[in-house]
1. Under the condition of being within 14 Å of another protein chain (Cβ to nearest Cβ) and open to solvent by 10 Å² or more (accessible area, probe 1.4 Å), which residue from the range A:35-64 is nearest to ligand 1 (Cβ to nearest atom)?
2. Quick one: what pairs do we get from the range B:63-79, first residue in contact (Cβ under 8 Å) with a residue 60 or more places away in the chain, second open to solvent by 60 Å² or more (accessible area, probe 1.4 Å) and of a type in the set (A, V, I, L, M), C-beta under 7 Å, 6+ apart or different chains?
3. Inspect all residues belonging to the range B:191-210 and state whether any of them is farther than 30 Å from residue A:170 by Cα and away from chain A (no Cβ under 14 Å).
4. Do we find a residue being surrounded by 18 or more Cβ atoms within 10 Å (Cβ to Cβ), among the small types (Gly, Ala, Ser), touching an Asp or Glu at 6+ places or on another chain (Cβ under 9 Å) and within 13 Å of chain B (Cβ to nearest Cβ) anywhere in the range A:71-82?
5. Please indicate, with yes or no, whether at least one residue in the range A:67-89 is within 16 Å of ligand 2 (Cβ to nearest atom) and part of a strand (DSSP E or B).
6. Within the range B:140-149, how many residues are under 40 Å from the mean Cα position of the chain (by Cα) and buried (at least 18 other Cβ atoms within 10 Å of the Cβ)?
7. When the range A:137-161 is examined, which residues are found to be part of a helix (DSSP H, G or I) and surrounded by fewer than 16 Cβ atoms within 10 Å (Cβ to Cβ)?
8. Confirm whether residue A:32 is within 27 Å of residue A:230 (Cβ to Cβ), open to solvent by 40 Å² or more (accessible area, probe 1.4 Å) and within 16 Å of ligand 1 (Cβ to nearest atom).
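The values are calculated or read from the model by the stated rules, or taken from the named source; none is laboratory data. As the structure is a computational prediction, the values presented were derived from the model and not from experiment. Positions of Cβ are generated from backbone atoms using ideal geometry, with glycine treated the same way; all protein chains shown enter the neighbour counts. Surface accessibility is based on the protein's heavy atoms, side chains included, excluding ligands, DNA and RNA. Shrake-Rupley method; radii C 1.70, N 1.55, O 1.52, S 1.80 Å.
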Amino acid sequence: MAVQDDSGGAVVRFENVGLRYGLGPEVLRDISFSLMPGSFHFLTGPSGAGKSTLLKLMYLALRPTRGLISLFGNDTSRAPRSELPQMRRRIGVVFQEFRLLDHLTAYDNVALPLRIGGVREDQVKKHVMELLAWVGLKDHMDARPPTMSGGQQQRVAIARAVIAGPELLLADEPAGNVDDRMAVRLLRLFEELHRLGRTIVIATHNEALVRRLGHPRMCIEDGRLEIRPGLADPAAGAPSVRLAFPGDSEEFA
Amino acid sequence: MMSWRRFDLPNDREDIGRFLPWLVAFMVYLSIVALAGLLALERMTARWDHGVVGTLTVHMAPAATAEQNARRLKDATDVLTATPGVARAEPVPAARVAELLEPWLGPSVRDADLPLPLLIDVELRDEPEVDLGQLGRSLDAVVPGTAVDDHRSWLRRLVSLARAVEALAAAMLGLVALVTVVAVVFATRAGLAVNRDVIEVLHLIGAHDAYIASQFAARAFKTAFKGGLLGFLLAAPTLFAIGFFAARIEEGLLPRIEFGPVHWGMFAAVPLLAAMAALVSARTTVLRTLGRMV
Ligand SMILES: Nc1ncnc2c1ncn2[C@@H]1O[C@H](COP(=O)(O)OP(=O)(O)O)[C@@H](O)[C@H]1O
Ligand SMILES: [Mg+2]
């Protein structure tokens, strides 16, 4: 059984977390924060500040050198290896370097989280087609990542991250390779997830985007984290995408 | 499961994965031929055990005339049938003797008036045991120059030789199975190393080790089955060829080497067994290797 802690309902909670790579300096120092369900944060900071590192800690690709991280109320350091997949399925990740599987088509890449979760193939098809249409890749569903442009790969990566309707969405520079119009369109996907009550963290250094949406931001500088409140009323209009995720009926009935 | 149809892993590019089907083909070929040898020997030794070991041959020098020969045969046969433990004693007709000698002496043996030895076929009961020395002396007293050929001692030696060959064939089957499993384990390890990145992504997306293991297992099964099928297809003509040549060579000592539907069923099961072994080895290897990761 997962060990429940007193995180007060937070989706993510860091307590005095520090991380160093090997014998190097501490990249992150004394990081403490909580993310409540349904919150939307931008993660900003200069290049090399540790944004990707912080996200990796959140999606369980790294273990902290010290401190405590709990996800969905479970202490991750005490979770046995066999429980990690269940936690990871509740998290959607857009990796900075995409990490698409080059030998699979765009369709199969996006379908992966559903198939791993044992979703029926007809359901897989329905959701994948819908999402590929939304990110404008319907005509490229049979293309393999190496034949796609950086922007197209990024959209496949985003579709794969959101396809299973994760409770926590972590995106590492998800708008780095697309023009501003596509960036706004992709952000609407995240807004839609947010509207469905999901928790979102997006690392970016696109100031225009941060200001436009007005969500609070987590700033990393010199290994330390500071959370700055956003605008009271985000400027973003009502999202124009309506997505249904497999599993919604069970989880949010 | 869907993962039987689709692979999330790239096709093997590492050499060991490419050479695995050929190795399995060769191993399955060897296994089937060894198994066929085992089955043929088993049948042969069983026949020797039950048929020939309980027999012996009495032979005598021929006399000058056919009447004398008939006399000698009758006298010796009378002694034999009177001996407890003898089930049956029958003189071998001269024509049959000529036929038996033909391979050694040529076709002229039938026409030429050669002095052919006189033979009596004797079948023994299990009980009571016949004292062959005593029997030889009694026969010699009636018909001088009579010798008793005991098939038992040399047939026993032949049977034990055959049993040793059988054990060898069985050991070879075991060795072949071991080599196949080891090859699959190494190919799987290489596959895990080459696909480290893909596996990490699958893990981060929430795949259990079992999901990844089933992918490797499905591929190992497919690969081994393809190779095994090839091995089977190569083994079948080999078996027919062996049966064909054996049928021409032997006649007499060796029984015909023929395989029935049951035997062919066993041969066809070999590639399937190899594929199952590959599946289990791959699965176990992946689960063990991933389980050791943090
Ligand atoms: N795998 C790694 N090994 C050693 N150092 C690393 C590794 N990954 C990142 N770093 C270092 O950690 C710091 C933070 O990197 P990163 O989290 O990628 O920053 P950001 O995403 O904000 O640009 C950098 O100084 C980087 O060089
Ligand atoms: Mg980064």
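1. My answer is A:52.
2. Every condition considered, the pairs that remain are B:75/B:142; B:76/B:142; B:79/B:142.
3. So far as the range B:191-210 goes, no, none of its residues is farther than 30 Å from residue A:170 by Cα and away from chain A (no Cβ under 14 Å).
4. No, the range A:71-82 has no match at all.
5. No, there is no match, as no residue in the range A:67-89 is within 16 Å of ligand 2 (Cβ to nearest atom) and part of a strand (DSSP E or B).
6. Number of matching residues: 2.
7. Initially, the range A:137-161 is screened for residues part of a helix (DSSP H, G or I), giving A:138-140, A:145-147, A:150-161.
Matches in the range A:137-161: A:138, A:139, A:146, A:147, A:150.
8. For residue A:32, the condition - within 27 Å of residue A:230 (Cβ to Cβ), open to solvent by 40 Å² or more (accessible area, probe 1.4 Å) and within 16 Å of ligand 1 (Cβ to nearest atom) - is not met.
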